[in-house]
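Asks: Encoded as structure tokens, here's the structure I'll be asking about.
Read-outs throughout are calculated quantities, based only on the coordinates presented, and are distinct from any laboratory measurement. The model shown is predicted, which means the values in this text are computed figures rather than measured ones. Quick reminder, even Gly has a Cβ in these numbers, built from the backbone with ideal geometry, and neighbours come from all protein chains shown.
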Amino acid sequence: SDLKVGHNNIIYLFRNPSDVIFSLLMAEHKDSFYTNKIDKLVITQIGRLKANLQKYLFTAKTCINYERLKGQILDVSYYDEFNKIVQFFNDTDLDRNKLDSILKRVNKDKIIAKETDKKYFNKTLLSVQYEQMRDDFVETFGNRIREQIMAGELEKYF
């Protein structure tokens, strides 16, 4: 979403644009996935997301990559990404043992169970069907999203 702040002292969490667009469309336009509306919705979201990424990746004090937090990017330690968050708030280094202890207790199931906004955070996110739909979406739209958002000046962030 568009953060309406007048300063750069923000921490900006971003993730793979294909996943962002899929999740948003699932929450707000689920019935349009298998209609002719989906292409237009994807194009609209590409423009919105690219504008926000260009604005905040270049101005935020700290940028955090979601896939790096999850340890999904080769040769990048999730500790490094979590350390950016700790540095932002405390200007101290991350306690890796403490983080590992927390990560053993926290998982997607528990977070979704406690979340009150069920429109965006619900058990559907945990289903095999949801994962398959995301894979199908990325197969259909992933290249276009990658070419229009993740290339050029934004490439280094992904």
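Asks: Quick one: which residues, 5+ away or cross-chain, put their amide H under 5 Å from the amide H of residue 63? H built at 1.01 Å from N.
Replies: Sorted by chain and number, the residues that satisfy this are 12.
Asks: If you take the Cα Rg of segment 32-82 and divide it by 2.2 N^0.38 Å, with N the number of residues, what do you get? Mind showing how you got there, number by number?
Replies: Values: Rg = 15.5 Å, N = 51, 2.2 N^0.38 = 9.8 Å.
Output field value: 1.58.
Asks: Let me understand the chain better: what is its radius of gyration from the alpha carbons, and its Dmax, in angstrom?
Replies: Cα radius of gyration and Dmax of the chain are 16.9, 51 Å respectively.
Asks: Tell me, what ³J(HN,Hα) does each residue in segment 89-102 have, in order and in whole Hz, if you take phi through Karplus 6.51 cos²θ - 1.76 cosθ + 1.60 with θ = phi - 60° and put x for Gly and Pro?
Replies: Result, rounded to whole Hz: 8, 10, 6, 10, 8, 5, 8, 4, 5, 5, 4, 4, 5, 5.
Asks: Kindly provide the pair-distance distribution of segment 64-112 built from C-alpha pairs, with 10 Å bins from 0 and whole-percent values in order of increasing distance.
Replies: Binned Cα distances yield the sequence 25, 52, 23, 0.
Asks: Can you list the HN-Hα couplings for segment 140-149, worked out from phi with the Karplus curve (6.51, -1.76, 1.60; θ = phi - 60°), rounded to whole Hz and with x for Gly and Pro?
Replies: Ordered by residue, 3J(HN,Hα) equals 7, 10, x, 5, 5, 5, 4, 5, 8, 10 Hz.
Asks: Here's a follow-up. Please identify the trypsin sites (Lys or Arg not before Pro) of segment 1-102 that satisfy two criteria: DSSP loop assignment and at most 13 other Cβ atoms within 10 Å. Which are they?
Replies: Passing sites in segment 1-102 are 4, 61, 70.
Asks: Grab the DSSP H runs of the chain that are 4 residues or longer, score each as -39,500 (n - 2.57), total them, divide by all residues and round the 222 nm result to the nearest 500 deg cm²/dmol.
Replies: Mean residue ellipticity, 222 nm, calculated: -18000 deg cm²/dmol.
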